[in-house]
Amino acid sequence: MDIQAVATQPFDGQKPGTSGLRKKVDVFQQPHYVANFTQAIVNALSPEQRGRLVVGGDGRYFNAEAIQVILKVLVGNGIREVLVGADGILSTPAVSNLIRKSKADGGIVLSASHNPGGPGKDFGIKFNNASGSPAPENITQAIYDQTRSISEYQWADLPELKLEAGSEYTFLDTKIRVVDSVDDYAALMQTLFDFDRIGDAIRSGGLSVCFDGMHAVTGPYARRIFGDLLGVSQDRLWNCDALTDFGGGHPDPNRVYAKTLYDFMMGESATDLGAASDGDGDRNMIMGRGAFVSPSDSLALIAQHHQSIPQFKSGLVGVARSMPTSTALDRVAQHLNISCYETPTGWKFFGNLLDQGLVRLCGEESFGTSGDHVREKDGVWTVLCWLSILADKQVSAQELLAQHWTSFGRSYYCRHDYEGLDADKAQTIIDQLAGAKGKLLGRKMGAMSVADVNVFRYEDPVDGSVSENQGVRVVFDDHSRVVYRLSGTGTDSATLRVYLEQIERDAQNQGADAIVYNESLGQFANDIADIQATTGLSEPTVKT
Ligand code: VG1
Ligand code: CO
């Protein structure tokens with residue numbers, strides 16, 4: 001077998017966004033495209049970092065082909081050992097775990113997460129560092145720089161490899177080990193939670209659960225962990241056959257795309273807990289019987305009840321949330337007398353805080369939560385947190401929410417997405433808002449008035465790195481907020497995200513639907529940003 005230096009040319013736009021490089025799959029299917037990007041990742045590593053890498057993806061269309069290309073380039077570069085998931089499949093948190101467990105130098109995750117998959121749909125590749133975290137901006141920048149100057153990649157002419165768990169191959173200086181996709185992750189979960197206790201509650205009928213795998217990567221994880229280990233019956237594990245096109249759906253667990261589960265949980269036959277996860281298994285949606293738990297509330301409630309979760313028995317130390325995520329977490333942190341950090345959107349910004357032990361629990365409004373056991377958000381883990389809390393407290397999720405709101409106030413929280421925008425127009429909206437402080441100060445919205453307008457800038461407390469322009473915040477005198485930012489995960493047009501938060505302290509008014517409650521604030525947000533005038537859209541495309 002030979003290694004060849006294949007001559008190539010840079011592709012435009014191999015620039016990682018919020019979470020890696022995401023494009024339409026036909027972009028990735030171009031000859032040399034995946035090989036170039038893989039070589040750029042290797043080039044950005046120091047020679048000492050070329051020891052062990054983990055590779056796996058969410059199993060979407062083109063996952064299988066891309067894995068074979070990546071293996072050829074990694075062998076071509078003499079990486080000492082590559083751990084790859086069976087059939088090339090690993091959930092994103094499972095990759096993070098394997099990197100940590102095997103003390104690898106990093107990993108390559110193939111996923112476009114919650115974006116649809118299949119021909120003509122989306123694909124993605126990202127690099128995670130040795131702590132299992134999505135690469136921070138200095139590394140993604142180094143990779144991008146490499147993609148712009150690349151002239152060749154190293155290619156080992158391997159046969160097509162069968163990726164069966166337990167297989168091992170040795171080619172030249174590289175050993176390839178194929179590992180079961182679920183084993184290590186399931187073992188980790190068993191060290192973090194009390195499976196006997198949760199299992200007893202489920203098997204005795206005291207705690208009923210329904211999980212929707214959305215035909216995505218968590219299906220096999222859910223079957224093993226919720227089904228085999230905890231006794232959830234198979235008919236309560238929906239859509240757990242992973243499909244390359246996610247059954248044609250949008251594997252994004254929210255009220256819109258996980259509507260069947262949402263309706264079931266709002267109906268007569270609802271279970272105590274209903275949950276769903278996304279394409280690559282890092283997101284979660286949590287519902288109680290008749291109650292949607294917003295991701296921001298879910299995060300705050302996990303913090304509030306962390307003593308019910310064995311992993312956090314020794315205390316939380318600190319917590320973190322992305323800037324647009326609601327301030328419910330801050331109020332719990334204050335009550336617990338621990339610090340609460342505010343980071344830009346994207347899980348990579350939590351990495352340093354977790355590595356330094358400054359925080360143990362993190363979350364984003366976009367249905368992402370996780371702890372210090374991995375460096376990615378973790379959908380199945382979040383469900384296990386909720387099962388632990390419900391088994392321990394023995395009250396309904398709805399009751400827990402009501403108690404939380406009474407004690408801490410309720411952050412009525414929504415996100416309005418304006419999709420399919422022209423990129424320049426979307427940027428104009430942000431730029432205008434960033435300069436609109438003078439015009440907006442004192443402007444009334446009901447009883448509230450605008451008290452500040454600012455652009456979020458983050459200075460990492462660990463390494464001092466600075467990230468500018470991370471969203472515009474319009475803050476009211478009662479701490480309610482509107483936040484505007486542009487999506488960094490899209491694959492074609494631009495998406496403007498508008499995050500709405502109103503804090504209601506009156507227990508009499510805490511039972512409304514958040515989307516209805518925030519209706520007029522959403523209109524106000526559209527008005528002050530001239531969204532309709534600039535884009536023609538009087539209404540958002542998606543409200544969650
Ligand atoms: C979105 C979310 C962000 C999340 C990112 C990746 O990014 O807003 O909170 O971290 O997706 O999620 P953006 O830039 O489109 O707003 V996914 O589940 O990769 O893993
Ligand atoms: Co995801």
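Structure values in brief
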quantity	calculated
Any hit, the range 27-36, residues being in a loop (DSSP other than H, G, I, E, B), more than 16 Å from ligand 1 (Cβ to nearest atom) and more than 21 Å from Gln68 (Cβ to Cβ)	no
Pair list, Cβ < 7 Å and 6+ apart or interchain, from the range 350-368 residues that are under 23 Å from Val383 (Cα atoms) to residues that are away from ligand 1 (no atom under 16 Å from the Cβ) and charged (D, E, K, R)	Leu354/Asp372; Arg360/Asp372
Candidate set: the range 149-171, residues that are surrounded by 14 or more Cβ atoms within 10 Å (Cβ to Cβ) and among the polar types (S, T, N, Q); chosen: the one nearest to the chain's Cα centre (by Cα)	Ser167
Residue match in the range 312-334 (condition: of a type in the set (Gly, Ala, Ser), more than 16 Å from ligand 2 (Cβ to nearest atom) and part of a helix (DSSP H, G or I))	yes
Matching residues, the range 248-263, being over 18 Å from Arg236 (Cβ atoms) and of a type in the set (Asp, Glu)	Asp252
Number of the exception - Asp355 against (1) within 16 Å of ligand 2 (Cβ to nearest atom); (2) within 22 Å of Ser467 (Cα to Cα); (3) among the acidic types (Asp, Glu)	(1)
Lone unmet requirement of (1) without any contact (Cβ under 8 Å) to a residue 40 or more places away in the chain; (2) within 21 Å of the chain's Cα centre (by Cα) for Gln334	(2)
Sole residue being touching a residue at least 60 places away in the same chain (Cβ under 8 Å) and in contact with an Asp or Glu (Cβ under 7 Å, 6 or more places away or on another chain), chosen from Leu172, Leu163	Leu163
Residue match in the range 3-17 (condition: at pLDDT 95 or above, surrounded by 20 or more Cβ atoms within 10 Å (Cβ to Cβ) and out of contact with any Phe, Trp or Tyr (no Cβ under 7 Å at 6 or more places or on another chain))	no
All positions within the range 1-18 that are in contact with a Gly (Cβ under 6 Å, 6 or more places away or on another chain) and within 16 Å of ligand 2 (Cβ to nearest atom)	Gly17, Thr18
Residue satisfying condition, being closer than 17 Å to Gly57 by Cβ, more than 15 Å from ligand 1 (Cβ to nearest atom) and not β-branched (Val, Ile, Thr), within set Asn115, Asn97	Asn97
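The values are calculated or read from the model by the stated rules, or taken from the named source; none is laboratory data. Everything numeric in this text was worked out from a predicted model, so none of it was measured. Don't worry about glycine lacking a Cβ; one is built from the backbone with ideal geometry, like all the others, and counts go over all protein chains shown.
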